[in-house]
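Have a look at the structure below, then the notes.
The values are calculated or read from the model by the stated rules, or taken from the named source; none is laboratory data. As the structure is a prediction and not an experimental result, all values here were calculated from the model. Glycine also receives a Cβ, built like all others from the backbone with ideal geometry; neighbour counts cover every protein chain displayed. We work out accessible area using only protein heavy atoms, side chains counted, and drop any ligands, DNA or RNA first. Shrake-Rupley method; radii C 1.70, N 1.55, O 1.52, S 1.80 Å.
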Amino acid sequence: MTRTEEFLTELDEGMLQYFREIADELVGRFGMSRAEAVARINAAYEGADIEPYPDLMCHEEPDYWAYGLYFLPKDGRSPHSGSVGDLTEWETRPAPPRDSHVWTLAE
């Protein structure tokens with residue numbers, strides 16, 4: 001388990017790839033920069049105790065976590081790729097402040 005310059009969580013190689021897939025989903029689905037995607041992941045998971053691959057979170061696909069990192073929950077639920085059609089009804093989470101240490105990649 002190591003910590004990379006990219007993510008602020010100790011991850012084994014398998015979980016590092018999984019976190020990168022979450023970032024890929026954030027970039028591809030929501031059009032944000034890679035730097036913002038990684039900052040959102042860091043803000044949510046910094047210091048989390050992530051087990052080696054496959055951690056329990058791997059029971060969901062990376063897109064599931066991406067939706068939760070991008071949208072605020074409503075009625076205790078977050079949207080995911082199979083759950084909603086019209087995403088305009090969902091409020092987006094603000095990105096972490098630009099001066100925050102969770103921004104580990106340059107824009």
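Can you find, within segment 48-67, the residue that is farthest from Ser33 (Cα to Cα) among those that are among the aliphatic types (A, V, I, L, M) and without any contact (Cβ under 8 Å) to a residue 40 or more places away in the chain?
Taking the candidates together, the pick is Leu56.
Taking the conditions exactly as written (surrounded by 11 or more Cβ atoms within 10 Å (Cβ to Cβ), under 27 Å from Asp12 (Cα atoms) and over 13 Å from the mean Cα position of the chain (by Cα)), does Asp63 satisfy them or not?
Details: surrounded by 11 or more Cβ atoms within 10 Å (Cβ to Cβ): yes; under 27 Å from Asp12 (Cα atoms): yes; over 13 Å from the mean Cα position of the chain (by Cα): no.
The answer is no for Asp63.
From the residues in segment 1-32 that are without any contact (Cβ under 8 Å) to a residue 60 or more places away in the chain and acidic (Asp, Glu), which one is surrounded by the most Cβ atoms within 10 Å (Cβ to Cβ)?
The selected residue is Glu25.
Determine whether Glu46 is open to solvent by 80 Å² or more (accessible area, probe 1.4 Å) and either within 25 Å of Thr88 (Cβ to Cβ) or of a type outside the set (Asp, Glu) (or both).
For Glu46, the condition - open to solvent by 80 Å² or more (accessible area, probe 1.4 Å) and either within 25 Å of Thr88 (Cβ to Cβ) or of a type outside the set (Asp, Glu) (or both) - is not met.
Quick one: would you say Ala43 is within 16 Å of Leu105 (Cβ to Cβ) and touching a Pro at 6+ places or on another chain (Cβ under 7 Å)?
Answer is yes for this residue.
Spot the failing condition for Tyr53; the list is (1) modelled with pLDDT under 95; (2) in contact with a Gly (Cβ under 8 Å, 6 or more places away or on another chain), and only one is missed.
(1)
Filtering segment 73-91 down to residues that are exposed (fewer than 12 other Cβ atoms within 10 Å of the Cβ) and in contact with a strand residue (DSSP E or B) (Cβ under 9 Å, 6 or more places away or on another chain), which residue is nearest to Thr9 (Cα to Cα)?
Filtering segment 73-91 for residues that are exposed (fewer than 12 other Cβ atoms within 10 Å of the Cβ) and in contact with a strand residue (DSSP E or B) (Cβ under 9 Å, 6 or more places away or on another chain), the one nearest to Thr9 (Cα to Cα) comes out as Glu91.
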